[in-house]
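Novice: What follows is a single structure, and I will ask about it in a moment.
Laboratory data are not the source of any read-out in this text; all were calculated from the coordinates shown. Just so you know, these numbers come straight off a predicted model, no measurement behind them. Cβ: placed from backbone, ideal geometry, glycine included. Neighbour counts: every protein chain shown.
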Amino acid sequence: MSDRITSMAADGVVTVTMDDPERDNPLRREEYRAMHDAFRAAREGDARCVVLRGAGDAFSSGFDIEGLDPGHLEAPLPERVAAIRANEQALAREILTHPLPTVALVDGPAIGDAAGFALACDIRLASERARIGLSHVRLGLGLDCGLSYTLPRRVGWGTAVDLATTGRIVDGATAAELGLVTRTVPDDAFDERADELVADIAAGPPVALRSIKEALLHGAEADLDAALRDEAFRQAVALDTADHARAVAALGSDERPEFEGR
């Protein structure tokens, strides 16, 4: 793993951190591969939620232009395509298809590729001081990191074209209005709200959490009949779990049951 990416597991949560705060957590393909490995590893074990965040005062300033390998630019077109598929797109796909709920905690700037990876996450919590921008066009580049897929689905066609073709940077409040983030909270409450959100997800029943996430993934791309068949099967499985029985037994109680994933 890159020494600029850390991954920690605690209390059912795997936290993947872009960790170069003195430079606002820039990214290179080494970091893409490390993040991919961290998200992939979280599929195993007893994790219930995966969090992506940046260290210090930024989510991430995006791709590290200073760290660009000149050889990459000189490679034949098929090799450049293969490298994009194997690195930034592989990470975006891993996040988008992850069986666990994924949360991006966007505090400070999230620029370019970093914004793409945030948009790949299911839930995006932002601070008011967040600054989100799709800077690719300003570098003479097209979209990357799955943004051609995620951006119109998050914000709608017109807004997607607006943001992608201008490269404008929006603050946290505007990002919530546009749908770039799920919600925005005051700067001084960001850490507390982030902890509450993640803890609330991680306290849920593991079988149900995976079932819900996978059903939503399937339903988003399936026709109605296929989505309903899949939903019925998953619900029938969940009805037979001990966690369901535990939740029913706790109804009317002030205490939340402790789920065991079976």
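Novice: Would you kindly state the longest site-free stretch of the chain, with sites defined as GluC sites (Glu not before Pro) in a DSSP loop (not H, G, I, E, B) surrounded by at most 13 other Cβ atoms within 10 Å?
Specialist: 45-254
Novice: Right, another one. Say we join alpha carbon atoms closer than 10 Å with springs in a Gaussian network model of the chain; which of 126, 222, 160 then has the biggest fluctuation?
Specialist: Highest fluctuation of the listed residues: 222.
Novice: With all distinct Cα pairs included, what does the Kirkwood hydrodynamic radius of the chain come out to in Å, to one decimal, could you say?
Specialist: The answer is 19.4 Å.
Novice: Most exposed first by the Cβ proxy, i.e. fewest other Cβ within 10 Å, how do 17, 6, 182 rank?
Specialist: In increasing order of surrounding Cβ atoms, one gets 6, 182, 17.
Novice: Sticking with this structure for a sec: As a test, work out the antiparallel percent of DSSP beta bridges whose residues both lie in region 5-202, rounded to the nearest 5.
Specialist: Counting only bridges with both partners in region 5-202, antiparallel ones make up about 30 percent.
Novice: Can you give the helix-only mean residue ellipticity at 222 nm for the chain, where every DSSP H stretch with n ≥ 4 adds -39500 (n - 2.57) and the sum goes over all residues, rounded to the nearest 500 deg cm²/dmol?
Specialist: -14000 deg cm²/dmol
Novice: Taking Cα atoms of region 102-234, Rg/Rh with Kirkwood Rh, to two decimals?
Specialist: When Rh is taken as the Kirkwood radius, the ratio is 1.02.
Novice: Which of 161, 237, 16 moves the most in a Gaussian network model of the chain with Cα springs under 10 Å?
Specialist: Looking only at 161, 237, 16, the largest GNM fluctuation is found for 237.
Novice: Build a GNM of the chain with springs between Cα atoms under 10 Å: which of 102, 174, 15 gets the top mean-square fluctuation?
Specialist: 174
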